[in-house]
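One structure below.
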Amino acid sequence: MRDAALMSEEGHLSRQGPSAPLHALVVDDMPVMAKILGRTLDEMGITYDHVCNGAEALEAFEPGRFDMVFMDIMMPKMGGVEAARRLRALEQKAGKAPLPIIAVTTKMSGPENAVYMDAGMTDCIKKPVDRVSLEVMVKRHLTGEDADIEISDEYEDVSDEMEFVNWDTFREYGELLKGGMIGLIEDYLIAAPSLMEELSNAIEAKDCARVHMYASHFKSASVTFGAEKVAHLAAKIEIRSSKDRTEGLNQLYFDLHIAYEHTRQALSKKLIILKNF
């Protein structure tokens, strides 16, 4: 059903051949969340269709049409778990190989993950989705690669701290959260230093479980404000620690610390503007 995916010279994933980009189905009832995920897919050169619930996913689904499904869990009419079960039944009836169905959710405990897997889902990714985690997920399931991350400072050419925040994402989450954005920024700026300290201590102790936990928390909190450079570095730490690998974590933490300081300055400036608007 799916040809092997390849990385193009532009860094985009595609099927075999230059004119066959990967095509995904995004299933999410929240337009803002779907738009943010869609923008990341666009950046990766992956085309996609968006539907708002599991029932619409079943209507849109045709064996061979999509390379991957990103499935929200809690949706009206039909949730992601039931939709995944029915999609698998459609594939089986058509005699097609199962395509990757990725649960996109904030709920990723052991029992919850077991429910997703029992329904036929392939993997889980935490909401809000960041690009680094998404790239790893796509490579893992479409190329069979155990995708790793580079240990390098990819932001050394960024001179303006305001460039450390994706303001389009910031505005979209602001619309979703209405008037609560100011308080959330304040909470983030207060909590981040202690979270960074805990992460540093865990790296020093080579405690990969704690490193993974703190990096995951920091990543998710940062994505909400469009702090993509912080989120990307936290995701790299999260991915490396999930493999019980400690080499390179100190350099990644150093890069993360610098990225956060620039992000803190940018958000502090934005906070002043919001309070006086």
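Each of the peptides 109-115, 213-219, 49-55, 87-93 was scored by the mean count of other Cβ atoms within 10 Å over its residues; in descending order, highest first, they stand as 213-219, 49-55, 87-93, 109-115.
With the simple spin-label model, which puts each label point 7 Å out from Cα in the Cβ direction, the A89 to M162 separation comes to 5.4 nm.
Gain on full extension, evaluated as 0.36 nm per residue between S109 and A205 minus their Cα-Cα distance, stands at 32.1 nm. Where in the chain are the DSSP H helices whose C-alpha atoms run 30 Å or more along the long axis and whose mean Kyte hydropathy is at least -1.0? TM-like helix candidates: 181-204, 249-275.
Only DSSP H runs of four or more residues enter the estimate; each adds -39500 (n - 2.57), and after division by the residues of the chain the mean residue ellipticity at 222 nm equals -17500 deg cm²/dmol. Rounded to the nearest 0.05, the FRET efficiency derived from the C-beta distance between D123 and F277 at R0 = 35 Å is 0.30.
Charges were assigned to the Cβ only: +1 to each Lys and Arg, -1 to each Asp and Glu. The resulting dipole of the chain about its Cα centre is roughly 940 debye.
Among the GluC sites (Glu not before Pro) in region 214-260, those placed in a DSSP loop whose Cβ has at most 16 other Cβ atoms within 10 Å are E247.
The gain in end-to-end length when the K77 to K35 segment is fully stretched comes to 13.0 nm, 0.36 nm per residue minus the alpha carbon separation. Where both residues lie in the chain, what percent of DSSP beta bridges are antiparallel, nearest 5? Within the chain, antiparallel bridges account for around 15 percent of the total. You can think of it this way: the chain between H257 and K96 has 53.3 nm of extra reach, that is 0.36 nm per residue less the Cα-Cα gap. Residues of region 115-135 falling in the label zone of S242, defined by backbone nitrogen less than 17 Å from a point 7 Å along Cα to beta-carbon, are 115-117, 121-135.
The numbers here are math on the coordinates, done by the rules we state, and not lab data. Only a predicted model underlies this, so the values are computations on that prediction, with no experimental measurement involved. Cβ sites come from the backbone with ideal geometry, for glycine too, and all protein chains shown count toward neighbours.
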